[in-house]
Amino acid sequence: MSVFHELARFGVVPVIVLDRAEDALPLADALIAGGLPLAEITLRTPQALAGLAEIARHRPAMLVGAGTVLTEDQVHEAKAAGARFALSPGIDPLVLTEAQGAGLPFAPGIATATEVQMALRAGCEMVKFFPAVPAGGIALLKSIAAPYVHTGLGYNPTGGVTAETLGDWLALPQVRAVGGTWIATQADIATGAWEAIAHKARAAVDLVTRLRG
Ligand SMILES: O=C(O)C(=O)C[C@H](O)[C@H](O)COP(=O)(O)O
């Protein structure tokens, strides 16, 4: 099974901004406790890679990937840290080529038909639809995805998705999983609100289970 198939089984991807590497394991444990052993650690903070590496090394049950991967170097850094997949808010063919060479499954960001075609040309299996809500929400995704249904491309809407709108997004057959920061916000992590994170993870997992029957 491809890593994006594994990810799709959860239906929801916690997008993480990690300020301190020492928060990585308690965060992973909270997500595991909530039944959501999955995280996209965004490479936006100096300690993100170290935190990702901690999770990959010490919590092998977690499916951990890197987000906000913007450069060729970051492809290799993410892979070396143990990322099983990578995503980015936008699309950069040079980064995609590098990821392919490194064997790191990569979902680039798209918000236009042109970008979808760039992703298809690069052989991507999944793309991030970013910024999902400000760009035009479900109506835009439906319209953009329509010409490419036959390709089997999957979408990961992220940016403005919430627990309340999760179900609407997952009702679209092309949506493999939504992404969002609400499950473990930067403030939750900074204050060590591990129980709250576990609770939000569990609520999201329960909702996905209910929706998918
Ligand atoms: O950095 C990336 O790889 C991204 O895709 C951006 C994040 O997914 C958004 O920042 C999500 O933000 P929320 O709207 O708070 O859920």
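Quick check, is Ala132 over 15 Å from the mean Cα position of the chain (by Cα) and either of a type outside the set (Ser, Thr, Tyr) or surrounded by fewer than 24 Cβ atoms within 10 Å (Cβ to Cβ) (or both)? When the stated conditions are applied, Ala132 does not pass them.
Of the residues Gly11, Gly67, Gly34, which is within 16 Å of the ligand (Cβ to nearest atom), surrounded by 18 or more Cβ atoms within 10 Å (Cβ to Cβ), more than 17 Å from Phe130 (Cβ to Cβ) and not hydrophobic (A, V, I, L, M, F, W, C)? Gly11 is the lone residue from the list that is within 16 Å of the ligand (Cβ to nearest atom), surrounded by 18 or more Cβ atoms within 10 Å (Cβ to Cβ), more than 17 Å from Phe130 (Cβ to Cβ) and not hydrophobic (A, V, I, L, M, F, W, C).
Just one of the listed residues (Ser88, Ser143) is open to solvent by less than 50 Å² (accessible area, probe 1.4 Å), on the phi < 0 side of the Ramachandran plot and hydroxyl-bearing (Ser, Thr, Tyr), and it is Ser88. Contact map, region 72-101: residues that are over 21 Å from Phe130 (Cβ atoms) paired with residues that are in a helix (DSSP H, G or I) and open to solvent by 60 Å² or more (accessible area, probe 1.4 Å), Cβ distance under 7 Å, separation 6+ or inter-chain. Pairs shown: Gly82/Arg57. Give the number of residues within region 156-194 that are closer than 27 Å to Leu43 by Cβ and either surrounded by fewer than 17 Cβ atoms within 10 Å (Cβ to Cβ) or of a type outside the set (Val, Ile, Thr) (or both). Of the residues in region 156-194, 24 are closer than 27 Å to Leu43 by Cβ and either surrounded by fewer than 17 Cβ atoms within 10 Å (Cβ to Cβ) or of a type outside the set (Val, Ile, Thr) (or both).
Output the residues belonging to region 146-155 that are open to solvent by less than 50 Å² (accessible area, probe 1.4 Å) and either farther than 17 Å from Pro108 by Cα or within 15 Å of the ligand (Cβ to nearest atom) (or both). Listed by number, the list holds a single entry, Tyr155. For region 102-129, enumerate the residues that are touching a residue at least 40 places away in the same chain (Cβ under 8 Å) and either part of a loop (DSSP other than H, G, I, E, B) or open to solvent by 30 Å² or more (accessible area, probe 1.4 Å) (or both). The answer is Pro105, Glu125.
The values are calculated or read from the model by the stated rules, or taken from the named source; none is laboratory data. This structure is a prediction, so every number in the text was calculated from the model and none was measured. Neighbour counts run over all protein chains shown; Cβ positions are idealised from the backbone, glycine included. In case anyone asks, the SASA skips ligands and DNA or RNA and just uses the protein heavy atoms, side chains included. Shrake-Rupley method; radii C 1.70, N 1.55, O 1.52, S 1.80 Å.
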